[in-house]
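I have placed the structure first, in the form of structure tokens, so that the comments after it can refer back to it.
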Amino acid sequence: MAGTIAQMQAAVRTINSAQPGYDQDQRWTFYDKGDAIPNKECDCSSVCGAIIQMGGYPIDLSGTFYTGNFNEKAVAAGFTKIRFNSVSDVQVGDCINAPGAHVEFAYSDSQWYSARNDEKGGSTGGKAGDQGGQENVGYGDPYDMSKGGSRDAYILRPPDSNGGIIGMTTVEKFTRTRPQTVPADSAWHELRVDDEDTLSIVAGPQAVYLVLTAVCVEGEPGSAVRLCYQSVDDYADDTATRLVGTYAVTDLVVGEDGTVCGEVMWTNDLGGGTEGATRKVRLNACCDTAQVSIETLDVRLLT
């Protein structure tokens, strides 16, 4: 399995749903053969190492694996080491490591993921698993890993650094003046570039992938939204419409304030279909209690 940023992001969601706790003495109990075990323990380096391995990269987690040799292990897996100067240097999919101190994974532009301390604010001795949100394991705000230059910090960038998909080149990026709303009606709605034009991809020999960003969900607190899409081929003579595939993209849970926002990356093949057909994309919130707003989208071509 080739590594991708999208797979690392999926790994974060899998690990987070297992509700790990923090304990340096039991830091590998949460992870077994590429899967997360519920209600066990991790620390920053073990969780970030697991994210990389679950993301499909051949990182060696054997022996002593910690922030002190994290850079070397990541470089051996194909990552590029870059000195950290500021948060603005960080890209989605990067690991940010201060050797001997701490490491985080850049899940999105606005959220990093890591394990920081147990429910007592310490490094060991707490109860196994997440103690009702008291442990600092999960998403957090980006910050200056160098602490104002007082310690060395590095960015470890995966070879899949071209927007999250190996071998991808951005073809178009559309920023809408007004977000497209996918209503809470459990129906399929065509993805649009703007209020008038449906996104259309001419099917051909190359694979075209779609990337959506800046997704915001509004609905009842606690609502679970499974954002889905399907691709269809429309033929020029209007004789037929062929369903290519339906895909579940990600699960989002609406917070107490009635919203949840983030970035969603879709990497299923939306191109390379039947000659003479135009491929279109349809969206479904798969929920009758929340609606989804989409502000930007990228179309990326496999090169």
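The values are calculated or read from the model by the stated rules, or taken from the named source; none is laboratory data. A quick note: this is a predicted structure, and the numbers were derived from the prediction, not measured. Every residue, glycine among them, receives a Cβ derived from its backbone with ideal geometry; neighbour counts consider all protein chains shown. Please note that ligands, DNA and RNA were not included when accessible areas were found on the heavy atoms of the full protein model with its side chains. Shrake-Rupley method; radii C 1.70, N 1.55, O 1.52, S 1.80 Å.
Over region 23-127, what number does the Rg to Rh ratio reach, with both radii from the alpha-carbon atoms and Rh per Kirkwood? Walk me through the intermediate numbers first.
Values: Rg = 13.4 Å, Rh = 14.2 Å.
Ratio of gyration radius to Kirkwood radius: 0.95.
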Point-to-point label distance, ASP32-ASP144, nm (Cα→Cβ direction, 7 Å offset): 4.4
What whole-number value in Å² describes the accessible area per residue of region 22-83 for a 1.4 Å probe? 44
Report in % the part of the accessible area of region 36-107 that belongs to carbon and sulfur, leaving out ligands and nucleic acids; probe 1.4 Å. 50
Plugging the Cβ-Cβ distance of VAL75 and ASP25 into 1/(1 + (r/R0)^6) at R0 = 25 Å yields, to the nearest 0.05, a FRET efficiency of 0.35
